[in-house]
1. List, please: which pairs have Cβ atoms under 6 Å, are six or more places apart or on different chains, and start with a residue in region 289-307 that is on the phi < 0 side of the Ramachandran plot and end with one that is among the β-branched types (Val, Ile, Thr) and surrounded by 20 or more Cβ atoms within 10 Å (Cβ to Cβ)?
2. Determine whether VAL481 is out of contact with any helix residue (DSSP H, G or I) (no Cβ under 6 Å at 6 or more places or on another chain) and touching a residue at least 40 places away in the same chain (Cβ under 8 Å).
3. Mind listing whichever residues of region 421-440 are in a strand (DSSP E or B), over 14 Å from ALA391 (Cβ atoms) and β-branched (Val, Ile, Thr)?
4. In region 431-450, how many are small (Gly, Ala, Ser) and over 26 Å from the mean Cα position of the chain (by Cα)?
5. Conditions: (1) outside any strand (DSSP E or B); (2) among the polar types (S, T, N, Q); (3) crowded, with 20+ Cβ neighbours inside 10 Å. GLN417 meets all but one. Number of the miss?
6. State all residues of region 387-405 that are of a type in the set (Gly, Ala, Ser) and part of a strand (DSSP E or B); if no residue qualifies, say none.
7. If you go through region 422-439, how many residues are farther than 30 Å from ARG462 by Cβ, of a type outside the set (D, E, K, R) and touching a strand residue (DSSP E or B) at 6+ places or on another chain (Cβ under 7 Å)?
8. Tally up the residues in region 126-182 that are acidic (Asp, Glu), in a loop (DSSP other than H, G, I, E, B) and either at pLDDT 90 or above or more than 20 Å from the chain's Cα centre (by Cα) (or both), please.
Amino acid sequence: MPSSLLAIVTGRLDRLGHLAWPHGPHRPWPAIWIAAWLAILPRGSAADVPADRVEFNYYGRIGIGWTESGQVAAGKYMNLGTRQAIGGRLEEGDYLVPGMRYHIRKPQNDHDISLDLVTDIEILTLNGSIVSDLSNGDLGDIKVLPSQAYIEAKNVLLPELTLWIGANLYRKDFIHMCDYFYFNNLPGQGVGAYYRGLDVAVLTHTGPSPFFVTNLNAGQPPPVAPALVQRERTALIAQYALPFGPGTTYVQGLGELHVVPRARDIERGAAPGVKPRDWGAVGGAKLHLDLGGGAFSDASARIGNRIANGADSGASTYNTFGQPGTDGTYRGAYGVELVEHFQWNIGHVAAVTGYGTLHYTRGSTRYAPATSDVAASGALPNRRFDYSFGARSTIYLSDELNFLTEATYQLRRDDDQTAGRAVRLSVAPTLVPTSERAPWAAVEIRLIYTTAFYNQAAVDQRMSPYLQTMGPTKVAHFVGVRSEWLF
């Protein structure tokens, strides 16, 4: 170890010695011992990681925002949904995802075997907190979570065959304007394989919902320990993309089968009918048209039944919606998702991207609420219908300056309640330090103003996170300065 480095390490460890005994005499011996131990280590004991073995990637967004009332507004979506998928997202909160791909075996050519370790970490905030502890960031509202971690091997056993195992953000189709992964948004833990146009996987999911966790002692005297049984959903996924026509045009099919076994306690035996087994199936199709010059059109349709009925506001199929029936199953439940996403480019002058979505979900047809007024009973809705459409224009004022405008219209209806409606408009002069004339530059710094107009039903039912935070208002405002990057 060079003497200068040894001095730095010794100094820092010496400082730790002060911290360890703040009220006692200075005792540097632990620092000196550790520094000496580091100095005598052989050079070969430190791993030498060549720079070309590691690829670093990073998605993030961060900034500040204000409202006229002074309440924290960052991350309080104005959209009429449990998710942001049916509207714009410029007012969203801080979110960081640093990632790494480590080449365990780096290929020498396109046909060589490769072996990679892929890991991503999510850093997110809750309740409008900022992402750091500078100023008054609430550390209790800052979460650091593993996002994905999997091993990927390419060209193994067969040329063009790729295998993966681990926790994978298993998704592809994306509407950037809404931060909306649709059609095949199936992140999960499992194993999978790609071979040319074929994509198959086996995924597992667990969850805290009552459908997955059962207390077998419910209604009995308190036991020494809770008799909780957590079930696991297994999903079998198959997709196939068939290219045809010009460019990257293709048609793609999607099939899913979800299975959950009956809950039971091996020690004592569960009562009959306690969380019975259930299943769900999904079918879908997507058409991607390459219109040339970076322009495209994506149209997709998907339907899932029983426990695979997730579709409300753009949910994944495994997000089971609604209530089970009197027999404990989701018999009769289903969910439909329809999406159109397009982009047009007007040379190096402007670009327009737009979308339309429609979702209808319902729980079991055998569900019998205790009261006819589901909202008053406090139960989750058993039916939800929503649709939205919107567009964003990006005008390239110069290589470094863009002008963004957005407009969306949204409708949502739960059970038999009056439908809520919203119109939201945004303007965002955008600085692009990388000098890219593209709708999604690697780094963008935006000055944002967004306003939303709600009907009375949306206000009364507090249909958006913004209304839940700010209280009843038919007109919402947000002003912010935020940055977003992806590289």
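The values are calculated or read from the model by the stated rules, or taken from the named source; none is laboratory data. Source: prediction; values computed, not measured. Don't worry about glycine lacking a Cβ; one is built from the backbone with ideal geometry, like all the others, and counts go over all protein chains shown.
1. Note: pairs meeting the criteria are SER300/VAL339; GLY304/VAL282; GLY304/THR317; ILE307/THR320.
2. Judged against the criteria, VAL481 is a match.
3. Once the filter is applied, which keeps residues that are in a strand (DSSP E or B), over 14 Å from ALA391 (Cβ atoms) and β-branched (Val, Ile, Thr), region 421-440 yields only THR430.
4. Residues meeting the conditions: 1.
5. Tallying (1) outside any strand (DSSP E or B); (2) among the polar types (S, T, N, Q); (3) crowded, with 20+ Cβ neighbours inside 10 Å, GLN417 fails exactly one: (3).
6. Matches in region 387-405: SER388, GLY390, ALA391, SER393.
7. 7
8. Counting residues in region 126-182 that are acidic (Asp, Glu), in a loop (DSSP other than H, G, I, E, B) and either at pLDDT 90 or above or more than 20 Å from the chain's Cα centre (by Cα) (or both) gives 4.
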